[in-house]
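Undergrad: So that we are looking at the same thing, I have put the structure below in structure tokens.
The values are calculated or read from the model by the stated rules, or taken from the named source; none is laboratory data. Being a predicted model, the structure only gives us computed values, none of them experimental. FYI the Cβ positions are ideal-geometry reconstructions off the backbone, even for glycines, and counts take in every protein chain you see. For the accessible areas, the whole protein counts, side chains as well, though only heavy atoms, and no ligand, DNA or RNA atoms are used. Shrake-Rupley method; radii C 1.70, N 1.55, O 1.52, S 1.80 Å.
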Amino acid sequence: MIRIIALAALCLGAFVQPGIAGDRQLIGRGGVIVNDSFGDVRDRWRTGSAVGSRVWGPEWTGRAPEGFGHLLELRFGGQVIAPASIRNPDARDRPYAGALFGGLHTHFSRGETDFALGADLVMTGPQTGLDDFQDALHDLAGISQTSDSVRAAQIENGFYPTLVFEAGRDLRLSPGATLRPFVEARAGDETLLRVGGDLTLGTIGQGELWVRDGVTGHRYRTVRRPFSGFAFVLGADIAHVADSAYLPEDRGYTLTDTRTRLRMGLHYEGRRAQIFYGLTYLGKEFENQPEGQLTGAISLNFRF
């Protein structure tokens, strides 16, 4: 739970009121906080992350414009990845890793298909300060700190220019049900190709711009329209991962043949608040990982 506080600071800027930036209007913002304390409460592996977005573009008409670069998204955040024990980990467990990122993405449409393309710069290692910040918070809360051996063996300092691409298409099954198949490619800190889909039951979110969280695959709302009620979401995807800076081959790690994610969540919007809570099952990422994990995601937006 303490890690949430540290990582949440990364996306606070995503929740300020829209205004004007340059030649484009700031038309949306959003974000999501992820932590396994919201899921299986085991504090391990993909243990905590946060992502935030601010979106600039022309007046929103219910869909991304056709012009490449007309709608821009500043995306930023970070994550902490840890072995199952931060005091006395199994020698075969994954190393501790802290990562921060920031980048620029554009959303556009062609025919019935929506595209997102962007570039991030991912920074890893002790230079992020996430290990020190986390331990300082643990010390204040009286929680066990990361051992010296775990800190010494963490993923080293590095910078990874990263490209992210996604293409998806909404298939309207009924007025209150939408299926969205998608494909995603990533090259940089991790190189992968992913295919999957998301089913939304409910009218909340129709005609809005959604952005996909990289850890769980949950989509969070950025450019919003006024709704009231609930929407239930289900999603699944599978990826082939060619390499990962967080599981380096030269340290003896062998990636699993595929990486799976299963997720479900509930969106609520009322007069004063927009709330999302989701659960995601993350499958094994490396051969010595004994099992998958369950992690939770939360997004809150209040009107005053």
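Undergrad: Could you list, ordered by first residue, the pairs with Cβ atoms under 7 Å in which the first is in region 190-214 and free of Cβ contacts under 8 Å to residues at least 60 places away in the same chain and aromatic (Phe, Trp, Tyr) and the second is open to solvent by 20 Å² or more (accessible area, probe 1.4 Å) and assigned to a strand (DSSP E or B), at least 6 apart or interchain?
TA: Taking only residues 6 or more apart or on different chains, the pairs are Trp210/Arg219.
Undergrad: What number of residues in region 110-143 are of a type in the set (S, T, N, Q), closer than 23 Å to Asp213 by Cα and modelled with pLDDT of 85 or more? Step through it out loud before you land on a result.
TA: Here is the first cut: in region 110-143, the residues of a type in the set (S, T, N, Q) are 113, 124, 127-128, 134.
Filter again for closer than 23 Å to Asp213 by Cα, leaving 113, 124, 128, 134.
Okay, now just the ones that are also modelled with pLDDT of 85 or more, so 113, 124, 128.
Count: 3.
Undergrad: So is Arg219 among the charged types (D, E, K, R) and free of Cβ contacts under 8 Å to residues at least 60 places away in the same chain or not?
TA: Values: among the charged types (D, E, K, R): yes; free of Cβ contacts under 8 Å to residues at least 60 places away in the same chain: yes.
Yes: the conditions hold for Arg219.
Undergrad: Where residues in region 220-232 are part of a strand (DSSP E or B) and farther than 24 Å from Gly57 by Cβ, which of them is modelled with the highest pLDDT? Break it down stepwise before answering.
TA: As a first pass, look at region 220-232 and keep what is part of a strand (DSSP E or B): 220-223, 229-232.
Right, trim to farther than 24 Å from Gly57 by Cβ and you get 229-230, 232.
Details: Gly229: 90, Phe230: 93, Phe232: 97.
It comes out as Phe232.
Undergrad: To continue, here is another question. List, please: which pairs have Cβ atoms under 9 Å, are six or more places apart or on different chains, and start with a residue in region 117-131 that is more than 16 Å from Ala185 (Cβ to Cβ) and open to solvent by 30 Å² or more (accessible area, probe 1.4 Å) and end with one that is in a helix (DSSP H, G or I) and of a type outside the set (Asp, Glu)?
TA: Every condition considered, the pairs that remain are Pro126/Arg151.
Undergrad: Further question: Can you tell me which residue in region 91-102 is farthest from the chain's Cα centre (by Cα), limited to those that are open to solvent by 10 Å² or more (accessible area, probe 1.4 Å) and without any contact (Cβ under 8 Å) to a residue 60 or more places away in the chain?
TA: Out of the qualifying residues, it is Ala91.
Undergrad: Another question, if that's okay. Just to be sure before I move on: is Arg87 over 30 Å from Asp170 (Cβ atoms), surrounded by fewer than 19 Cβ atoms within 10 Å (Cβ to Cβ) and over 17 Å from the mean Cα position of the chain (by Cα) in the structure I sent? Break it down into steps so the answer makes sense when it comes.
TA: On the way: over 30 Å from Asp170 (Cβ atoms): yes; surrounded by fewer than 19 Cβ atoms within 10 Å (Cβ to Cβ): yes; over 17 Å from the mean Cα position of the chain (by Cα): yes.
Answer is yes for this residue.
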